Amino acid sequence: MNTKQIKIIGSITGIGLLISVYGNIVRRRKDKLASKLLQAINQRLNPTTAGLLAEKAFDIHYVEDLKDKVRNKLLLLKPDAAARYAADIHSSWSWLGDDENKVYAVFRNLKDKAQVSQVSGAYQTNYKANLIDELNDRLSTTEVKTVLQIVSTLPDYRTL
């Protein structure tokens with residue numbers, strides 16, 4: 001192979017790489033737009049589910065994300081306290097009828113969204129169920145909105 005052939009092959013490879021990168025950028029933009037469209041549609045079809053999904057406090061990884069972002073020491077629940085709150089929520093479900101007031105009381109006792117995330121994580125770990133799904137399945141739309149109102153008033157986190 002001579003120098004001219006190597007330059008041609010290198011140029012073709014470079015152009016192919018640029019086309020590939022451009023295609024990925026365009027695809028990501030389309031994916032973001034499609035995601036926003038689906039979220040908007042979901043919000044219209046089922047506002048309570050979308051509300052729970054949009055509330056970062058119910059994300060079981062929210063606390064870990066906060067630990068990476070916040071330089072001060074976070075005030076968090078001890079794991080056994082989070083497990084007790086999760087147990088309180090779980091014990092409120094019954095085939096005879098659910099105790100919504102007990103669920104509300106748990107969320108009213110939590111001091112911030114980081115603690116809500118900890119309880120969500122404890123619920124997932126101890127009961128192998130997603131707390132968002134449980135709330136949607138067990139509570140009415142009005143009751144889910146009440147939970148969302150309670151949680152939305154909480155600060156994101158507290159520090160020492």
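Here, each number is a calculation from the coordinates, and none is a lab measurement. Since the structure is predicted, the reported quantities are computational estimates derived from the model, not experimental observations. Using ideal geometry, Cβ is built from the backbone for each residue, glycine included, and neighbour counts are taken over all protein chains shown.
Kirkwood Rh, Cα Rg: Rg to Rh for region 67-120? Checking Rg against Rh, the ratio lands at 1.08. Can you tell me the orientation of helix 79-91 relative to the chain, as the angle in degrees between its alpha-carbon axis and the longest Cα principal axis, to the nearest 10? Taking Cα atoms only, the helix is inclined about 70 degrees. Diffusion coefficient (Stokes-Einstein, Kirkwood radius over C-alpha pairs, 25 °C, 0.890 mPa s) for the chain: 131 µm²/s, rounded to a whole number. Multiplying the residue separation of Met1 and Leu37 by 0.36 nm and removing their Cα-Cα distance gives an extension gain of 7.8 nm.
Please identify, among Thr141, Thr125, Thr13, the residue showing maximal mean-square fluctuation in a Gaussian network model of the chain using a 10 angstrom Cα cutoff. Comparing Thr141, Thr125, Thr13 in the GNM, the peak value goes to Thr13. Helical content alone sets the calculated 222 nm signal of the chain at -24000 deg cm²/dmol, taking -39,500 (n - 2.57) per DSSP H segment of four or more residues and averaging over every residue. The packing ranking, built from the mean of other Cβ atoms within 10 Å per residue, places the peptides 129-137, 90-98, 57-65 in the order 57-65, 129-137, 90-98, highest first. Each peptide in 143-149, 154-160 was scored by the mean count of other Cβ atoms within 10 Å over its residues; highest first, the order is 143-149, 154-160. Rounded to the nearest 10 degrees, the inclination of helix 113-127 to the longest alpha-carbon principal axis of the chain is 90 degrees.
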